[in-house]
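S.K.: For reference, the structure I am asking about is given below.
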Amino acid sequence: MKKKCPRCKGSFECKGSNIQKCQCKSIKLSSQAYQFIRDNYTDCLCLACLQQIEKERQCSPKLSAVPNNQ
C-alpha cells in the first residue's frame with residue numbers, strides 16, 4: 001500500500017500486511033532510535049527516514065522529528 005511518510009512527506013510502498021517483504025525489515029534500529037520513533041510518530045516511516053534517524057542517533061543523542069533538509 002502506498003503511504004506518505006509523516007517525517008519527510010515523501011511517498012513509499014508499505015508492506016505492513018506482509019512485514020517480511022517490507023522495506024523496514026532491511027534496517028536494524030537501535031533501541032534509542034526505535035523509542036524516538038514510537039514517541040514521535042504513529043505511522044510507518046520511509047526507509048530513508050529510518051536510516052537518517054538511526055544515523056543521527058549514532059552521531060548525537062538529540063534527534064529531530066523533522067528532517068534536516070526541511
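S.K.: Report the one residue of 58, 47, 36 whose Cα lies farthest in the direction of the positive end of the charge dipole of region 2-59 (charges on C-beta: Lys and Arg +1, Asp and Glu -1; origin at the Cα centre).
M.R.: 47
S.K.: Excluding residues on the same chain fewer than 8 positions from residue 4, give the aspartates and glutamates whose Cα lies under 20 Å from its Cα.
M.R.: Within the straight-line limit of under 20 Å, residue 4 reaches these aspartates and glutamates: 13, 39, 43, 54.
S.K.: How would you rank 36-42, 15-21, highest first, on the average number of other Cβ atoms within 10 Å across their residues? Please report the intermediate quantities before stating the final value.
M.R.: Working: 36-42: 13.6, 15-21: 9.7.
Averaged packing, sorted descending, gives the order 36-42, 15-21.
S.K.: Further, regarding this structure: Residue 14: net charge of surrounding residues, Cβ under 13 Å, Lys/Arg +1, Asp/Glu -1, itself excluded?
M.R.: Values: positive: 2, 3, 4, 15, 21, 25; negative: 13, 43.
For residues surrounding residue 14, the net value is +4.
Just so you know, all these numbers are worked out from the coordinates, no wet-lab data involved. Just so it is clear, the model here is predicted, and its values are computed rather than measured. In this analysis, Cβ positions are derived from the backbone assuming ideal geometry, glycine residues included, and neighbour counts consider all displayed protein chains.
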